[in-house]
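Data block below; observations after.
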Amino acid sequence: MFCKYCGNSLYDGEKFCQNCGAATDLGNDIRNVEENTNNHNLSTEQLDVPAILCLCATAVFFISCLLTWASVPVHGVSVSVKLLDGFESDGVFVVLLSALALMFALKRKYVGFVTVGILSVLMAVFEWSSFDDNKVYIVKGSGYYVLMIGAVSMLVSGIHAYRVSKNAK
């Protein structure tokens, strides 16, 4: 192998010419691989602000199924209910939507995140109307309000993240 600048003979594996100091093709290739590897690591390790907002909204939405959903008076005693109590599908649906939202936020697939946000808001509206249809005296718990806040914040943060990602391209 010879230096393309001065014609000096090079040993295999040399990164620089011993005569003129120019970088060999091998040296350039190694440097390019190192730069590409470093840039790739930076982009996957850093979360941008829209992704963090989406993750926070997802956490709020998920926490709602762990909190007291409602209290119902039964024989003079107030019984508290959570979304994950019993065999109700509402709690499972919240967990499923939260898992999907988490996946979309981490992969920065904001169209999917907005879709999950829309489904979450529809679920929140359905839950809100089910409280109004019920004729029994039910006291809404903190989980109910956290679900409403989480669903709306998922939709808003998803739309914001989508718009920011489109403007960045």
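Summary table below
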quantity	calculated
Filter result for residue 27 (in the same structural domain as residue 124 (by TED's automatic domain parsing), modelled with pLDDT under 80 and of a type outside the set (D, E, K, R))	no
Matching residues in the stretch 50-62 - criterion: being touching a residue at least 12 places away in the same chain (Cβ under 8 Å) and more than 19 Å from residue 119 (Cβ to Cβ)	50, 51
Candidates 86, 117, 112, filtered to the one that is in the same structural domain as residue 130 (by TED's automatic domain parsing), closer than 30 Å to residue 141 by Cα and at pLDDT below 80	86
Subset of the stretch 67-90 (residues that are surrounded by 15 or more Cβ atoms within 10 Å (Cβ to Cβ) and within 29 Å of the chain's Cα centre (by Cα))	67, 68, 69, 70, 81, 82, 83, 84, 90
Pairs with Cβ under 6 Å, 6+ apart, first in the stretch 151-162 and under 17 Å from residue 94 (Cα atoms), second part of a helix (DSSP H, G or I) and at pLDDT below 90	151/124
Test: residue in the stretch 91-101 that is touching a residue at least 60 places away in the same chain (Cβ under 8 Å) and surrounded by 15 or more Cβ atoms within 10 Å (Cβ to Cβ)	no
Long-range neighbours under 7 Å by Cβ, at least six apart or interchain, first residue farther than 23 Å from residue 101 by Cβ within the stretch 63-77, second of a type outside the set (Val, Ile, Thr) and in a loop (DSSP other than H, G, I, E, B)	70/141; 71/141; 73/137
Selection count where residues are within 15 Å of residue 64 (Cα to Cα) and polar (S, T, N, Q), scope the stretch 101-129	1
Candidates 162, 137, 145, 110, filtered to the one that is aromatic (Phe, Trp, Tyr) and in contact with a strand residue (DSSP E or B) (Cβ under 7 Å, 6 or more places away or on another chain)	137
Residues of the stretch 1-15 satisfying the condition of being in a loop (DSSP other than H, G, I, E, B) and of a type outside the set (Asp, Glu)	1, 3, 4, 5, 6, 7, 8, 10, 11, 13, 15
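The values are calculated or read from the model by the stated rules, or taken from the named source; none is laboratory data. Please read all numbers here as calculations on a predicted model, not as lab measurements. Cβ: placed from backbone, ideal geometry, glycine included. Neighbour counts: every protein chain shown.
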